[in-house]
Amino acid sequence: MTVAVDTISRNALRWADEHLDSTAYTTRCLAFVEDAIERANEVEIFGGDYAGESADRYGATHTADPAPPGAFVFYRSVGDIEGIRRDWGHVGLSMGDGRVIHAWDRVRVDEASALASLSPAPGWEPLSFRGWTPLSRILEGSRPATWTTDAATAAAHQQAQWLEQDRRGSAPTR
């Protein structure tokens, strides 16, 4: 990447802020933070298919508070999606001051430490903090990209494809 990480972070946080109160990303927290990075900076990043898998892939082990701006802040989030129960995870984008912007019932800003007190969906366990990953790690292997579809629509389509592949037992593709 030739663009500075702090510039990418600022662009992503600006994009995320423009989506405050949107319900288009409900149940799609990973798509939201990825779109903030990708759409605001014309790059493509390569995490997992859901937040828990991305936390594993990125090595979300940092716990110092606060996470720097643009870091992905991960939480454990166990529940059922279409009959599949696992730690799907939850993720927010660090604002650098102890707060995260994330997709929950809507796109919102919360204190990172307060997410465990959010009411989970029926049948889901409360969130628990897992760790964060710096934006520099998230950007490893990224490449330039141009986006031609609406971000929220594309996220919903991808989520449906991944869930169908997961139900069939085939590996989701990105």
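Please treat every number below as a calculation from the coordinates, not as lab data. Quantities reported herein were computed from a predicted structural model and do not represent experimental measurements. Glycine gets a Cβ as well: all are built from the backbone with ideal geometry, and neighbour counts include every protein chain shown.
A few points about this structure:
- Cβ-based net charge around Ala12, under 12 Å, with every Lys or Arg adding one and every Asp or Glu removing one: -4
- Charge-dipole axis of the stretch 5-168 as Lys and Arg at +1 and Asp and Glu at -1 on Cβ define it, positive-most pick from Val33, Val100, Pro134: Pro134
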